[in-house]
Amino acid sequence: MNLPEMPSSLIVVGAGAIGIEFAYFYSVLGTKVTIIEMLDRILPVEDREVSETLAKSFKKRGVEIHRSGGRIGKTRKRWCNCNNYQRW
């Protein structure tokens, strides 16, 4: 990737293989990464044990993971509902 400057923070929507790869890549480079996953765990197509181990590893790296549609923050006076990716 050839970016003019490294982002200080990044939100990755979706915790499948590609989203996890991007999250890892940027976290290693020092970017604060937040992962948003609609389902109850990251890498949902893998074994639960793999998902849980990777989630623990990301937590140690400082990567935030929001699963199962919890509210993550307030932006422009609207809440983001990650459960169905709508704003209200």
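Can you go through S68, S57, S27 and tell me which one is within 20 Å of P7 (Cα to Cα) and either in contact with a Cys (Cβ under 9 Å, 6 or more places away or on another chain) or at pLDDT 95 or above (or both)?
Numbers: S68 fails: within 20 Å of P7 (Cα to Cα); S57 fails: within 20 Å of P7 (Cα to Cα).
Of the residues listed, the single one that is within 20 Å of P7 (Cα to Cα) and either in contact with a Cys (Cβ under 9 Å, 6 or more places away or on another chain) or at pLDDT 95 or above (or both) is S27.
Filter the stretch 6-23 for residues that are open to solvent by 80 Å² or more (accessible area, probe 1.4 Å), in contact (Cβ under 8 Å) with a residue 24 or more places away in the chain and either aliphatic (A, V, I, L, M) or assigned to a helix (DSSP H, G or I) (or both) and give the result. Give the steps one after another, and end with the answer.
To start, the set of residues in the stretch 6-23 that are open to solvent by 80 Å² or more (accessible area, probe 1.4 Å) comprises 6, 8, 11, 13, 18, 21-22.
Then drop every residue that is not in contact (Cβ under 8 Å) with a residue 24 or more places away in the chain, which leaves 6, 8, 11, 13.
Residues satisfying the conditions are M6, I11, V13.
If only one of R48, R67 is in contact (Cβ under 8 Å) with a residue 40 or more places away in the chain and basic (K, R), which one is it? Break it down into steps so the answer makes sense when it comes.
Working: R48 fails: in contact (Cβ under 8 Å) with a residue 40 or more places away in the chain.
Sole residue among the options that is in contact (Cβ under 8 Å) with a residue 40 or more places away in the chain and basic (K, R): R67.
The values are calculated or read from the model by the stated rules, or taken from the named source; none is laboratory data. Computed from a predicted structure; not experimentally measured. Ideal geometry is used to build each Cβ from the backbone, glycine not excepted, and the neighbour counts take in all protein chains shown. SASA here: full protein model, heavy atoms, side chains in, ligands and nucleic acids out. Shrake-Rupley method; radii C 1.70, N 1.55, O 1.52, S 1.80 Å.
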